[in-house]
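Asks: Quick one: the structure is below, questions incoming.
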Amino acid sequence: MTPRKKTADTGNGAKPAKDIVDNQAARPGLSRDSIITAALAIIDRDGYEGLSMRRLGKELGVNPMAVYYHIPNKSALLDALVEMVMKEIDLSLDDRSRDVGERIYTAARAYRDALLKHPSIIQAVANRPPRTAAAMRPVEVLLGIFCDAGFSSEDALASVNILASYVRGHVIREALYWFNLPESDTIDDVNDFADIAGLLTPEEFPNLCQCAECAGFLGFEAEFDRGARALVRGLLETYGKQQEVKKDV
């Protein structure tokens, strides 16, 4: 006779660990969406470095192994986080009746707004391109806008990457500022260009001193606006074939 395979025995009638994990994985409320939401909450609260599968299991009140039933590994989790951020881009803002320059600028603003909702995840987004269909939808919309402007497929794809790099770079700068700002400081104190320039001599730094007399930190919003509009206009003038570039872009 073939010996019957023994089942795990805890010695006290308790369920084996695998059965506990299986039950937790099938628990109502534990799903891919709930796991992603919990991961994003950890990152928003504790930073990107605070995320681990063990920490995620604790946040959800389950054995960390139960998470793997829904998301196979941390790489897939990061892809899902990128997808969640990309899905927060408001695609309804695109209006094909408007000038393409304004459409591109609006798309850049929408991307910035989505990233700023979760600035601590910018590290994952900046280093990880979208890899899911849901995450690629904003890319598809932006490619369509560039194609509407007469860009070749090659130029359109390059322009999407250029614009996305600008937005991410600006958000990284802004996020680092907010996360590292001492409680006693304010924007005016930290970015008072005139005070900084006052430490310099006009003989050695003539341009800085001259600018300090009439300029200061414009604010992140205004700087983003200026850079994005200049970038959009430059892309259209360089690669656009069918659309006249309006001066108010």
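Asks: Taking the Cα centre of segment 45-107 as the origin, how large is its charge dipole in debye, to the nearest 20, when only Lys and Arg (+1) and Asp and Glu (-1) carry charge on their Cβ atoms? Before the final figure, lay out each step's value.
Replies: Working: 9 positive and 11 negative charges, 79 e Å.
So the magnitude is around 380 debye.
Asks: From Cα pairs below 8 angstrom and at least 6 apart in sequence, can you work out the relative contact order of segment 42-171, rounded to a whole percent?
Replies: 28 percent
Taken together, the values in this text are just the output of simple stated rules run on the coordinates, not laboratory data. Here the structure is a predicted model, which is why all the values come from computation and not from measurement. Note: ideal-geometry Cβ built from the backbone for every residue, glycine included; neighbour counts use all protein chains shown.
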